[in-house]
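In what follows, a structure is listed as structure tokens, so that the remarks can point back to it.
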Amino acid sequence: MSGSNSSDRGSGAELEAPSPLALTVHSLPAPTLDDAARRTALGRLKMFLILVVCAAPVIASYLAYYVVRPEGRTNYGSLIEPARAMPAALPLADLDGRPVAPASLQGQWLFVVVGGGACDAGCEQRLWLQRQVREALGREKGRIDKLWLVDDAAMPRAETLAALQRGDAVTVLRTDRAALAAWLAPEPGHRLEEHFYLVDPQGLWMMRMPAQPDPSRLKRDLERLLRASAGWDRPGRP
């Protein structure tokens, strides 16, 4: 009996012994043309969304200023519609005659004065007001670059240039009056040099201030523009 039981147990052990595991390797499905097209479309959608996010501040600021106009809101300056891009071929040079590329002025707001190099009393008054209004903007003033476009061959006086270098210097560039008049334009009955001109960070002339402007109202227009465009220009010129 015991031998029989031992034999039976041995047979059972043989029957219950585990067999080696068989590993089955499944190959990955080959990508189809539909999968490739889907991935391409998804990549393009992601790129489009990135571009939209980057452009959103610019789009929002222009919608806020040009399209959404609540009742009772008035602009002191005249909006230029459509805004006029600074010509890529506008001849610009520093006072030593070195050429300056118009595109190098982009990246922040330009608060522009136009006047001959002799700079009469009216020109000096506008340059003084340009500085005072910009200073009144406080911590936002770094977003605006003061620019004097000299539209003739006369050399500014040394004392005038010295005054312009106090504090944050004025950028002084010489240009051709006829070429400048093809971009900027005065109000009917006024001369080109009687106005302040505002150019946005993309190089678009978008506002003209009245001749002999009220400084407080001029400042309010600048403050409104800077609030509407917060985040899409850079302070200071590198």
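Structural remarks
- Modelled FRET efficiency - R0 41 Å, Arg177 with Phe48, Cβ distances, 0.05 increments: 0.40
- Partner lysines for Lys219 [C-alpha distance under 28 Å; skip if fewer than 8 residues away on the same chain]: Lys141, Lys146
- Once the Cα-Cα distance is subtracted from the 0.36 nm per residue extended length, the His190 to Ala37 segment shows a gain of 49.0 nm.
- For the listed peptides 215-224, 77-86, a ranking on the average number of other beta carbons within 10 Å per residue, highest first, reads 215-224, 77-86.
- Cα centroid of the range 140-171 to Cα centroid of the range 121-135, whole Å: 10 Å
- Pairs of Cα atoms farther than 17 Å apart, the range 132-186, %: 49 percent
- Sites Asp214 and Ala89, calculated FRET efficiency, Cβ-Cβ separation with R0 35 Å, nearest 0.05: 0.50
- Restricting the range 136-238 to chymotrypsin sites (Phe, Trp or Tyr not before Pro) that sit in a DSSP loop and have at most 14 other Cβ atoms within 10 Å of their own Cβ leaves nothing.
- Stretchable slack from Arg227 to Ala103, in nm (0.36 nm times residue separation minus alpha-carbon distance): 42.2 nm
Since every read-out is calculated from the coordinates, none of them should be taken as a lab result. Keep in mind that what you see is a predicted model, and the values were worked out from it rather than measured. Every residue, glycine among them, receives a Cβ derived from its backbone with ideal geometry; neighbour counts consider all protein chains shown.
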